[in-house]
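Below: one structure, written as structure tokens.
The values are calculated or read from the model by the stated rules, or taken from the named source; none is laboratory data. Worth saying up front: this structure is predicted, and the values here are computed from it rather than measured. Ideal geometry is used to build each Cβ from the backbone, glycine not excepted, and the neighbour counts take in all protein chains shown. With ligands, DNA and RNA removed, areas are computed over all heavy atoms of the protein, side chains included. Shrake-Rupley method; radii C 1.70, N 1.55, O 1.52, S 1.80 Å.
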Amino acid sequence: MLGDVAAGYLTADAVDQAVEIGRALAATLEAETTMGRVRLSALADQLPASSAAQAFRDEIRASLE
């Protein structure tokens, strides 16, 4: 669900909001949920090239390794 919200923000070019929602989604990694990992990976793939988004993408990819 949070992944869909973040993707919607990205569609609307609201990158800061997408990153904020993505950080909440990242908290699902602590619970080791497969769906959360899948959604977070998809969000990383959708993030634009802005500096804030790039930093968050790097965080996501590092946490998924």
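With R₀ fixed at 22 Å, the C-beta to C-beta distance from Asp13 to Leu64 puts the FRET efficiency at about 0.30. Of the solvent-accessible surface of the chain, computed with a 1.4 Å probe and all protein chains present, 54% belongs to carbon and sulfur. Binning the C-alpha pair distances of the chain at 5 Å intervals from 0 yields a P(r) profile of 4, 21, 36, 25, 11, 3 %, listed from the shortest bin outward. Over the chain, accessible surface divided per residue gives 60 Å², non-protein components excluded, 1.4 Å probe. Which angle between 0 and 90 degrees, to the nearest 10, do you get for helix 51-64 versus the longest principal axis of the chain when only C-alpha atoms count? Tilt relative to the chain: about 10 degrees.
The mean sequence distance of close C-alpha pairs (under 8 Å, at least 6 residues apart), as a share of the length of the chain, puts its relative contact order at 32 percent. Computed from Cα positions, the angle between helix 2-11 and the longest principal axis of the chain comes to roughly 20 degrees. Can you tell me the orientation of helix 15-26 relative to the chain, as the angle in degrees between its alpha-carbon axis and the longest Cα principal axis, to the nearest 10? For 15-26 against the chain, the angle is about 0 degrees.
Stretch Gln54-Ala24 to full length: gain in nm at 0.36 nm per residue minus the Cα-Cα span?
9.1 nm
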